[in-house]
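Chemist: Sharing a structure, written as structure tokens. Questions coming.
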Amino acid sequence: MQITHWIPVDGAELAVEYRPHADGRPPLAFLHAGVSDGRLWDGAMAAAAGQRSALRMDRRGFGQTCVLAARPHAMAADLLAVLDALALPHVELVGCSQGGRLAIDFALAHPDRVAGLTLVAPAVTGAPTPDLDAQVQGLADAIEAAEQAGDLDEVNRLEARLWLDGPAAPEGRVAGAARALFLDMNGRALRSPLAGDLVDAPPAWPRLEALPGPVRLVWGDLDLPHLVERCEQMAQRLPGAQAWRLRGAAHLPSLEAPQRFNDVLREAGLLTA
């Protein structure tokens, strides 16, 4: 991630890469998952180059963003600070997992700043607490035990097993450069200085129908079962939404299958061939 701007906020300097392009369309703003950083979007940023403006940011506690002091903070307020600093009145939000949660919360709070949303296996503020199946619960318990033991390398390995491979897939299903990048991104996040309490946005789950359109949903069929179910429920609740279920992909399709993910962006009209 090539940092082009350091955006000051209370307690941190946010690392942002912004690549402007004079095509007249709102920039694509890529928002990363909670087990990654802005490099999750390497393939998408490369595909957007020369076509339209695009930006990505590392949230507090991730990547190259500098945490100066632990402060209460809201993800949507940080994103607003970035857009204001770059003088961007409208953006197309593309968010994965916790980045999807941020996209939803921001769009409900600032609908006038959002030209559309692409939500990749999104977390949703206020969503019902899921009943985890045995495989997911077993991995969650093992992660908690490793955290309590202070074994961050084991936490990282298990989280790659859960989020990158998918809970029902064999460990190591996604290998090579994609796995190495996951372990580096998540390893940095696990060892980051504490950023301070996260101030939650109001529950979004009861208000999904108020999201400004267009809305696009993307998920992999190897993802955690309750997240697959959530995306299917969202597709039903938002009948105008476009939906892509990617076979053979888990929680981070832009990392494990960047070409397939970019094809989705092209089908959605966000990129050209």
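Chemist: Quick one: which residues, 5+ away or cross-chain, put their amide H under 5 Å from the amide H of Leu238? H built at 1.01 Å from N.
Modeler: Sorted by chain and number, the residues that satisfy this come to none at all.
Chemist: What is the distance in Å between the Cα centroid of the stretch 1-46 and that of the stretch 198-269?
Modeler: 20
Chemist: Moving to a separate point now. With an 8 Å Cα cut-off and a minimum separation of 6 or more residues, compute the relative contact order for the stretch 134-190 in percent.
Modeler: 34
Chemist: Give the label of the value calculated from the structure for Rg and Dmax of the Cα atoms in Å, choosing from [x] 17.5, 52; [y] 23.7, 70; [z] 17.7, 56.
Modeler: [x]
Chemist: Could you order the peptides 25-34, 128-137 from most to least packed, using the average number of other C-beta atoms within 10 Å per residue?
Modeler: Values: 25-34: 24.4, 128-137: 11.9.
Listed from highest to lowest mean packing, they are 25-34, 128-137.
Chemist: Could you work out [θ]222 nm for the chain from helices alone, using -39500 (n - 2.57) per DSSP H run of at least four and dividing by all its residues? Round to the nearest 500 deg cm²/dmol.
Modeler: For the chain, the value works out to -10500 deg cm²/dmol.
Chemist: Sticking with this one: List the trypsin sites (Lys or Arg not before Pro) in the stretch 172-208 that DSSP assigns to loop (not H, G, I, E or B) and whose Cβ has at most 12 other Cβ atoms within 10 Å. Which are they?
Modeler: Taking the stretch 172-208 and a limit of 12 other Cβ atoms within 10 Å, the loop trypsin sites (Lys or Arg not before Pro) found are Arg191.
A short reminder: the numbers here are calculations on the coordinates, not readings from a lab. Please read all numbers here as calculations on a predicted model, not as lab measurements. Reconstructed Cβ throughout: ideal geometry from the backbone, glycine too, with neighbour counts over all protein chains shown.
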